[in-house]
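The values are calculated or read from the model by the stated rules, or taken from the named source; none is laboratory data. This is a predicted model, so every value here is computed, not measured. Every residue, glycine as well, gets a Cβ built from its backbone with ideal geometry; the counts of neighbours run over all protein chains shown.
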Amino acid sequence: MADLAYTPEQIKNLVAKNRRYFIEDYSKASFFQILASKGTNIGCYEKYLEGVKYLEPKNEIINIIRIIINAFIKPIQSSFFYWTLLICIIHKFNFRKPVMRIILAHYLLRTTGDIIDQLGNLMNHYFATNKSGECFSDVQYTEQHPLKWFITRQINNFFWYSGEIAGDWYSLYRTIAVARDQPNIKYVYITCGLFNFSKIFICLFHFNLNVKDLYVGAYYNKDNVDKFYNYYWALQVLSMITSLIYEMTVYSVLKKQFSNMNVSKYGFLKKFRTISEYRIIISAFVGFLGLPISIGYIGTKIYLCYVKGEIDLNFEFEDLRSVIINVQYMMIFIDQILLKLSREESQFSSRSESGVSNYGNNNYIFYDNPNYSKDFSKSRTFSRSSNFSSKNMSESYMSLNNLSNNYRINNHYNSTLINKTKKSDNHPYSFLNDEFTTKTRSYGNYYIYN
């Protein structure tokens, strides 16, 4: 008795206090009475209290605190947290951009669902019996606790699937951005809407398993729950088929756009790194691979349940489904990062080309190019000095300050000036087949003509 948490008198008082929360017949109870219930068999509750050890109530309090803390750190634990933060930094937290709204909605809605699901672990006891008349108190399945089922599945699915729908819009957004003028773009809208509707229908389908259907009398109605999930996984397959149709439509539109690019000489990694359309096609291909795996998995479950009669097998498909879809959502962040990288490389390349192509200005800075020969006409590369600035040239260039008609080089020879001169026959330089020949003064790696 010393190691037990409750005395017989305390157990008697607790049973009397909580008796009104036990419903022996669900058919006679209201919806809200069922949600507030603690079980269907008061005897199972009394038996549970008789076996509670001395430290278990304190451990329960600690567990409640742990669950609440874990719920509120779920956003940081999410696999999308650091990706989303990185994209926010890249776009300078400019939430007016459509892509930022898509990524933020995807992250916030799905993590809200994760928080609610974690808080559902607070409801870890429900006192009832199975078909064999055996008592159980610990909730092994969400469906064993009516309130947990209602909150974490019937309600919470709208957060999870709404976040997925927001992520599904990214392929539509990128397709419109690169192929908005194609006549087939309307089919991308249609198939995207069909795919989104399939997920909304799955959310609504959860209400088909009403909380009143979870128990028959005082017994847990596992057969009814298994029947529900067989239909549920069939709907998941249909949703994946609509996903495949959507991805194939995106592929067909982007393939025409992709065929116009001269990228046949590129390898896989080069295409993946530089071409957004190619990354979206890869994402569609991943979704295509996931479909036969999912169909085989669910087909095996239905076969074993209905043909072999092995109903009690625990087929958990959600983890596999999450892996398949998360690969496609991860591609959103990869695509945005590589788009930013490609854009910066393109800007730097265009600035470099503009710095060496204009001969109309007569102020030039020459610097060593060690990759060429010692011959001056081949070993010196020149760039137009008036295009130099600390904002648009790489750090390897020397910055210039515009002082009226003079330009100052800020190196360790920062007193050296380049005098602006006009081209004349007397000036000791000439252009012969775009090559420069003259004698110049050397300043570090830079050569300045007089």
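Take residue 24 and tell me if it is acidic (Asp, Glu), in a loop (DSSP other than H, G, I, E, B) and at pLDDT below 95.
Criteria met by residue 24.
Would you check if residue 194 is under 28 Å from residue 112 (Cα atoms) and crowded, with 21+ Cβ neighbours inside 10 Å? Don't jump to the end; show me each part of the working.
On the way: under 28 Å from residue 112 (Cα atoms): yes; crowded, with 21+ Cβ neighbours inside 10 Å: no.
It is false that residue 194 is under 28 Å from residue 112 (Cα atoms) and crowded, with 21+ Cβ neighbours inside 10 Å.
Could you grab me the full set of residues in the range 29-50 that are touching a Ser or Thr at 6+ places or on another chain (Cβ under 9 Å) and outside any helix (DSSP H, G or I)? Once the filter is applied, which keeps residues that are touching a Ser or Thr at 6+ places or on another chain (Cβ under 9 Å) and outside any helix (DSSP H, G or I), the range 29-50 yields 29, 39, 40, 41.
For the range 221-234, the set of residues classified as of a type in the set (S, T, N, Q), free of Cβ contacts under 8 Å to residues at least 24 places away in the same chain and assigned to a helix (DSSP H, G or I) consists of 224 only. Is it the case that some residue within the range 35-52 is acidic (Asp, Glu), farther than 30 Å from residue 217 by Cβ and either surrounded by 14 or more Cβ atoms within 10 Å (Cβ to Cβ) or outside the structural domain of residue 328 (by TED's automatic domain parsing) (or both)? Scanning the range 35-52, I find no residue that is acidic (Asp, Glu), farther than 30 Å from residue 217 by Cβ and either surrounded by 14 or more Cβ atoms within 10 Å (Cβ to Cβ) or outside the structural domain of residue 328 (by TED's automatic domain parsing) (or both), so the answer is no. For the range 210-220, a residue qualifies if it is at pLDDT 90 or above and either buried (at least 18 other Cβ atoms within 10 Å of the Cβ) or assigned to a helix (DSSP H, G or I) (or both), and the qualifying residues are 211, 212, 213, 214, 215, 220. For residue 79, the conditions (1) part of a helix (DSSP H, G or I); (2) touching a residue at least 12 places away in the same chain (Cβ under 8 Å) are fulfilled apart from (1).
In the range 1-21, which residues are surrounded by fewer than 15 Cβ atoms within 10 Å (Cβ to Cβ), among the hydrophobic types (A, V, I, L, M, F, W, C) and either touching a helix residue (DSSP H, G or I) at 6+ places or on another chain (Cβ under 7 Å) or not in a loop (DSSP other than H, G, I, E, B) (or both)?
Start the filter on the range 1-21 by keeping residues that are surrounded by fewer than 15 Cβ atoms within 10 Å (Cβ to Cβ), which leaves 1-3, 7-10, 12-14, 16-17, 19-21.
Add one more test, that the residue is among the hydrophobic types (A, V, I, L, M, F, W, C), and what stays is 1-2, 14, 16.
Within the range 1-21, 14, 16 meet the criteria.
If I filter the range 166-179 for residues that are out of contact with any Phe, Trp or Tyr (no Cβ under 6 Å at 6 or more places or on another chain), buried (at least 21 other Cβ atoms within 10 Å of the Cβ), free of Cβ contacts under 8 Å to residues at least 60 places away in the same chain and under 23 Å from residue 232 (Cβ atoms), do I get at least one hit? No; the residues of the range 166-179 include none that is out of contact with any Phe, Trp or Tyr (no Cβ under 6 Å at 6 or more places or on another chain), buried (at least 21 other Cβ atoms within 10 Å of the Cβ), free of Cβ contacts under 8 Å to residues at least 60 places away in the same chain and under 23 Å from residue 232 (Cβ atoms).
Based on this model, can you work out whether residue 257 counts as more than 21 Å from the chain's Cα centre (by Cα), assigned to a helix (DSSP H, G or I) and more than 19 Å from residue 321 (Cβ to Cβ)? Yes.
I'd like to check which helices (runs of 4 or more DSSP H) are fully inside the range 91-209 and have at least 3 residues that are within 28 Å of residue 65 (Cα to Cα).
On the way: elements: 98-119, 146-149, 156-179, 185-205.
So the answer is 98-119, 146-149, 156-179.
Considering the range 302-347, and only residues there that are in contact with a Lys or Arg (Cβ under 7 Å, 6 or more places away or on another chain) and either among the acidic types (Asp, Glu) or under 30 Å from residue 227 (Cβ atoms) (or both), the residue that is modelled with the highest pLDDT turns out to be 335. Taken over the range 117-143, the residue count meeting the criterion of being in contact with a Phe, Trp or Tyr (Cβ under 7 Å, 6 or more places away or on another chain), touching a residue at least 24 places away in the same chain (Cβ under 8 Å), over 11 Å from residue 44 (Cα atoms) and crowded, with 16+ Cβ neighbours inside 10 Å is 1.
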